[in-house]
Amino acid sequence: MTTERKFSAKYFIIGLLFTGISIIAFQNPADDIAALVIFASILTIGKGLFGLFTRNQNTEIKNKFAHMLISIVDLLIGIFFLSHLALGMVVSPFVFAIWFICDSVGYLANKDVAKQISESYYWFSLVINILGIIIGIMLFFNPLVSVLTLAFLVGFYLLLTGINYLIAAF
């Protein structure tokens with residue numbers, strides 16, 4: 001069942017930011033790891049703040065505690081990466097893995113919101129979040145390969161998430 005929705009400028013802007021950063025990550029993955037960590041930190045802080053400020057305003061969110069928890073984790077990850085760039089680059093496969101898994105599980109917990117938008121968006125969101133969990137597991141259990149492919153995997157995840165936000169904006 002679909003419902004009429006208004007255009008969400010917030011989702012649109014976040015979707016554009018995620019998609020733009022993913023394009024940067026794909027251009028030169030080997031040289032972009034530090035820049036990717038900085039951009040991802042800023043984006044994560046923005047996403048966390050957005051989640052905290054909109055959780056009470058968004059009546060479609062069923063599990064507000066999970067949404068708040070994900071937003072706090074996003075803030076902490078962003079602040080950590082900005083504060084300790086070198087350390088952030090070393091532990092980034094693990095931190096990104098945890099981030100992807102937590103984000104994807106959180107969105108799966110609120111999958112009813114996607115179903116209210118449309119049936120096709122529900123399935124698209126379901127596939128993206130399952131891929132997010134798989135990418136997170138790959139990063140977590142194979143950190144050596146993850147360091148070499150981190151920019152690509154992060155870029156791929158950010159692209160999928162950006163598309164997800166852009167679709168949700170309409």
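Quick look at the numbers
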| quantity | calculated |
| --- | --- |
| Residue under evaluation ILE77, criteria (1) among the β-branched types (Val, Ile, Thr); (2) crowded, with 17+ Cβ neighbours inside 10 Å; (3) more than 15 Å from the chain's Cα centre (by Cα), criterion not met | (3) |
| Only one of PHE7, PHE12, PHE26 that is in a helix (DSSP H, G or I), modelled with pLDDT under 85 and of a type outside the set (A, V, I, L, M) | PHE26 |
| Residue list for the stretch 114-132, filter: surrounded by 18 or more Cβ atoms within 10 Å (Cβ to Cβ) and of a type in the set (A, V, I, L, M) | ALA114, ILE117, ILE128 |
| Among (1) under 15 Å from LEU158 (Cβ atoms); (2) free of Cβ contacts under 8 Å to residues at least 24 places away in the same chain; (3) of a type in the set (Ser, Thr, Tyr) - the single one SER104 does not satisfy | (2) |
| Single residue of the stretch 80-108 satisfying the filter (small (Gly, Ala, Ser) and surrounded by fewer than 16 Cβ atoms within 10 Å (Cβ to Cβ)) that is nearest to TYR165 (Cα to Cα) | SER83 |
| Close pairs (6 angstrom Cβ cut-off, 6 or more residues apart or separate chains): under 17 Å from LEU159 (Cβ atoms) in the stretch 34-50, among the charged types (D, E, K, R) anywhere | THR44/ASP74; LYS47/ASP74 |
| From the options ILE137, ILE163, ILE72, residue that is touching a residue at least 24 places away in the same chain (Cβ under 8 Å), among the β-branched types (Val, Ile, Thr), surrounded by fewer than 18 Cβ atoms within 10 Å (Cβ to Cβ) and over 25 Å from ILE13 (Cβ atoms) | ILE137 |
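The values are calculated or read from the model by the stated rules, or taken from the named source; none is laboratory data. The structure presented is a predicted model; accordingly, all values stated were derived computationally and were not measured. Counting neighbours? That spans all protein chains shown, and the Cβs are built from the backbone with ideal geometry, glycine included.
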